[in-house]
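Below is one structure; the comments refer to it alone.
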Amino acid sequence: MGGLTLTQGFELVFSKKKPIFVVGNNYNNSDQIFNKQFMEGAVIKKIRDRLVRGKTGEIFFVSSFPKYDVEYVTKLLPQFEKEGIISRLAKGIYVKARKTKYGTLYPSAYEIVKQLSKRDKAIVIPSGFEAANRLGFSTQVPMISCYLTTGSSRVLKLGPHTVMLKHAAPKNFAFKGELMPVLVQALRSIGEKNICEEDEETIRMLFDKTPENETFEHDLLLAPVWMRQVIKRNRNGVSDGKVA
């Protein structure tokens, strides 16, 4: 670290990238050490208070504290983990987990991935069995949660969850509504020949809750032809030629 004397009688203490804190530029070296420790303590308190006030399930990254030096925050977060304030999900990723007598309860893989994609400025869509499970076509929770992403492909171990992110073509993210892109992925995982009456009833219930009137016609054209037929007849309340 180096120091830069200021006209106001203060000294900025630098890491490699940005200032961590400011200490008084006193002639007494012991006073400088005291002031430095005081300001370090103030930064630690601010970050600790932010974590303590966090909501259960809230995700924290090193970048969640942009006012402070990245390397400094990177060293602090493991200390707060040891104090039991936060739990580590992966390198640089922490969560305000709920702790019970039965163990630690983590957010769902979907909630974690949403926060991760927000940080990375990427778009994600549940795919495969993850999409089917989220929409109620299946009660089976997949061991590996798969998502399509505009970001890079990778496999992440996030606490108790294993997540696979697959970079996908832009057409998968061209939908305007929120239900249709996930529904298309869910139906693709089920397969055209495996669609049953129970699945069609699930589609009807989904559109009853989320009609997506303003985006439906646009999004329907992005689905494969066989899906369009299944989706359209069930959104209109008709299945197998009969009014539902």
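Numerical summary
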item: Options Thr139, Thr149: the member that is assigned by TED's automatic domain parsing to the domain that holds Ala174 and either within 28 Å of Gly54 (Cα to Cα) or in contact with a Lys or Arg (Cβ under 8 Å, 6 or more places away or on another chain) (or both); result: Thr149
item: Segment 93-105, residues that are touching a strand residue (DSSP E or B) at 6+ places or on another chain (Cβ under 8 Å) and either at pLDDT 90 or above or charged (D, E, K, R) (or both); result: Ile93, Tyr94, Val95, Lys96, Arg98, Lys99
item: Any chance Gly177 is in contact with an Asp or Glu (Cβ under 7 Å, 6 or more places away or on another chain) and assigned by TED's automatic domain parsing to the domain that holds Ser145; result: yes
item: Criterion: within 30 Å of Ala168 (Cα to Cα) and surrounded by fewer than 17 Cβ atoms within 10 Å (Cβ to Cβ) - qualifying residue of Ala90, Ala132, Ala109, Ala122; result: Ala90
item: Lys75 vs. criteria modelled with pLDDT under 95, closer than 30 Å to Met205 by Cα and not β-branched (Val, Ile, Thr); result: no
item: Condition check for Phe60: in contact (Cβ under 8 Å) with a residue 12 or more places away in the chain and outside the structural domain of Leu165 (by TED's automatic domain parsing); result: yes
item: Restricting segment 118-144 to residues that are small (Gly, Ala, Ser) and at pLDDT 95 or above, the residue that is nearest to Gly92 (Cα to Cα); result: Ala122
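The values are calculated or read from the model by the stated rules, or taken from the named source; none is laboratory data. Everything numeric in this text was worked out from a predicted model, so none of it was measured. Glycine also receives a Cβ, built like all others from the backbone with ideal geometry; neighbour counts cover every protein chain displayed.
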